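Before any comments, here is the structure.
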């Protein structure tokens, strides 16, 4: 959704509609509403260069997370090695199609799509291209990011490790650390794509 802006450097608080001048922010400074304490914006120098670098790095780790073993379990002389796609396939094999679809969407499909779109938008904004699709992509990114469960999934995996550690010998694979790195770069990418300054830049480049 587009931010409620007035002129070039003014915006209205999304919560209480109080109007603020955003022109005086320095690097890493944030603006909050004086009435409701809503976070309005965080200004970062070279934000779009960071968005591009973080999104590309995150996608590299995402591919590694899907390609290599995530975990291995050894118990009673038997060992099982699992990748993330195999875990989803196993859930589907248990007859839980709906759960398999949800897991695939929230931890793989949506996060990967957000990173691809954010990288494309970052390149467009960094290069100053006047793309007709940029606003629609920005809207989609800001909508989809709330449906990503990257951090929630990883925390859930860590909790599960403690629960099953006494039942089997658990091995951590390359994909585990790759997904952890992906989660970090995912967070860094979106934190550098500030909503107010993104829409301001898009309006400046509007064809």
Inside the stretch 4-25, the number of residues satisfying the requirement of being surrounded by fewer than 17 Cβ atoms within 10 Å (Cβ to Cβ), touching a strand residue (DSSP E or B) at 6+ places or on another chain (Cβ under 6 Å) and in a strand (DSSP E or B) is 5
Over the stretch 26-41, the set of residues modelled with pLDDT of 85 or more and in contact with a strand residue (DSSP E or B) (Cβ under 7 Å, 6 or more places away or on another chain) is none
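The values are calculated or read from the model by the stated rules, or taken from the named source; none is laboratory data. Only a predicted model underlies this, so the values are computations on that prediction, with no experimental measurement involved. Cβ coordinates were reconstructed from backbone atoms using ideal geometry, including for glycine residues, and neighbour counts include every protein chain displayed.
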